[in-house]
Amino acid sequence: MAPRPPAASMPIGIAVPNLAEVVAEIAEEMRVRADRGEVATYIPELARVSADQFGIAVIDNDGKAHVAGDGDVPFSIQSISKVFTLTLALGKAGNRLWKRVGREPSGSPFNSIVQLEREHGIPRNPFINAGAIAVSDLILSGHQPREALGAILRFMQFLADDATITIDNAVAASEQRTGFRNAALANYMRSFGVLDNPVDLTLGVYFHHCAIAMSCRQLAMAGRFLAHNGINPTTGLSVVTPERARRINAIMLTCGHYDGSGEFAFRVGLPGKSGVGGGIIAIAPGQASIAVWSPGLDPSGNSHLGQLALEALSKRMGWSIFGA
Ligand code: GLN
């Protein structure tokens, strides 16, 4: 797709910002900040990660990667994986998926259970934990957990064009040992017939795809199809239809940061998805695929510096989907 002319969002006479310089500037600004948020501790293995790190990767229209800070360090992608499992599950089940999962923002924390009772076990959207567990269950149906996980991992490797991406089994085991709340969500949904498979198998798939480890560069690569109407612009291969890419972006914008989604749209103005590992993937449609990482979180479980960095990037590049 032809790049959007920068003149549309930039006052006449002002030079087009240089992406490489902006990325380097932001990485330096984030590196020296004292306020870094709190690392997630409810998954013991994540509590061991140092909050000192910050990484960023931006892949532009030509496929050029601008990477700075710790942008090549792998981290636990956690809920960012939910964008990709949703994509896979839509490929398998099509619009049937929306019988099991809604697409409204929850306005609740990512692991909240309260809405499930009122709404008969149907999770509000595919990005809160309950919704993502229902999506994992759909992917699992008709397969062994090993095969379902293999399909998810191979999809990530294909999208990122990188066969070295793996699952961090220590993180998965850590979550499996302590994931009582996710077990509660899954059992509750199963009682309404929203899950088809044995709860422990579905949760096994869910915990393991959350434990995929990737760097900002790999994640930004994997997100490119969402910035380009469903097509990987380098290979020309279609991953999803333009309509599906648009809809996944819409759900990222409205639900990607849980009860912080409104704030993220207000400050950054891009479809985005966060994870409690401190990563965020963001899409500047027609412009770039972006990933940032810093393990310290805000109270909603979204990376503190990651959001600040995306706010700065979107503003300096004029990328907000709502205009300059
Ligand atoms: N695996 C995490 C959990 O289930 C994912 C949560 C997140 O990244 N927000 O709690």
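The values are calculated or read from the model by the stated rules, or taken from the named source; none is laboratory data. Remember, predicted model here, so these are calculated numbers, not experimental data. Neighbour counts run over all protein chains shown; Cβ positions are idealised from the backbone, glycine included. Note: areas computed on protein heavy atoms with side chains; ligands, DNA, RNA excluded. Shrake-Rupley method; radii C 1.70, N 1.55, O 1.52, S 1.80 Å.
Of all residues in the range 289-316, which are in contact with a Gly (Cβ under 6 Å, 6 or more places away or on another chain), open to solvent by 10 Å² or more (accessible area, probe 1.4 Å) and outside any strand (DSSP E or B)? Before the answer, list the steps.
So the first thing to find is which residues in the range 289-316 are in contact with a Gly (Cβ under 6 Å, 6 or more places away or on another chain), and the list is 289, 292-298, 300, 302-304, 314.
If we keep only those that are open to solvent by 10 Å² or more (accessible area, probe 1.4 Å) too, we end up with 297-298, 300, 304.
Matches in the range 289-316: Asp298, Ser300, His304.
With respect to Arg118, is the statement that it is of a type in the set (D, E, K, R), within 15 Å of the ligand (Cβ to nearest atom) and either more than 20 Å from Ile77 (Cβ to Cβ) or open to solvent by less than 70 Å² (accessible area, probe 1.4 Å) (or both) true? First the steps, then the outcome.
Values: of a type in the set (D, E, K, R): yes; within 15 Å of the ligand (Cβ to nearest atom): no; either more than 20 Å from Ile77 (Cβ to Cβ) or open to solvent by less than 70 Å² (accessible area, probe 1.4 Å) (or both): yes.
Considered against the rule, which asks whether it is of a type in the set (D, E, K, R), within 15 Å of the ligand (Cβ to nearest atom) and either more than 20 Å from Ile77 (Cβ to Cβ) or open to solvent by less than 70 Å² (accessible area, probe 1.4 Å) (or both), Arg118 comes out as no.
Would you call His208 within 16 Å of the ligand (Cβ to nearest atom) and open to solvent by 10 Å² or more (accessible area, probe 1.4 Å)?
Numbers: within 16 Å of the ligand (Cβ to nearest atom): yes; open to solvent by 10 Å² or more (accessible area, probe 1.4 Å): yes.
Considered against the rule, which asks whether it is within 16 Å of the ligand (Cβ to nearest atom) and open to solvent by 10 Å² or more (accessible area, probe 1.4 Å), His208 comes out as yes.
Checking Ser81 against (1) within 16 Å of the ligand (Cβ to nearest atom); (2) open to solvent by 30 Å² or more (accessible area, probe 1.4 Å); (3) of a type in the set (S, T, N, Q), which single condition isn't satisfied?
Exception for Ser81: condition (2).
Okay, residues lined up against (1) part of a strand (DSSP E or B); (2) in contact (Cβ under 8 Å) with a residue 40 or more places away in the chain; (3) more than 20 Å from the chain's Cα centre (by Cα):
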| residue | (1), (2), (3) |
| --- | --- |
| Val67 | yes, yes, no |
| Asp72 | no, yes, no |
| Val83 | no, yes, no |
| Ala89 | no, yes, no |
| Gly94 | no, no, yes |
| Val101 | no, no, no |
| Ser112 | no, no, no |
| Gln115 | no, no, yes |
| Ile122 | no, yes, yes |
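Within the range 96-107, is even one residue under 24 Å from Pro299 (Cβ atoms) and within 14 Å of the ligand (Cβ to nearest atom)?
Yes - at least one qualifying residue is present in the range 96-107.
Give me a count of the residues in the range 176-199 that are out of contact with any Pro (no Cβ under 7 Å at 6 or more places or on another chain), within 15 Å of the ligand (Cβ to nearest atom) and either without any contact (Cβ under 8 Å) to a residue 24 or more places away in the chain or open to solvent by 30 Å² or more (accessible area, probe 1.4 Å) (or both).
9
Could you list, in sequence order, the residues of the range 223-272 that are within 15 Å of the chain's Cα centre (by Cα) and either within 15 Å of Leu159 (Cβ to Cβ) or hydroxyl-bearing (Ser, Thr, Tyr) (or both)?
Gly223, Arg224, Phe225, Leu226, Ala227, Ala245, Ile248, Thr254, Tyr258, Ser261
In the set Gly277, Gly286, Gly269, which member is within 16 Å of the ligand (Cβ to nearest atom) and either crowded, with 19+ Cβ neighbours inside 10 Å or touching a residue at least 60 places away in the same chain (Cβ under 8 Å) (or both)?
Working: Gly286 fails: within 16 Å of the ligand (Cβ to nearest atom); Gly269 fails: within 16 Å of the ligand (Cβ to nearest atom).
Criteria check complete, one pass: Gly277.
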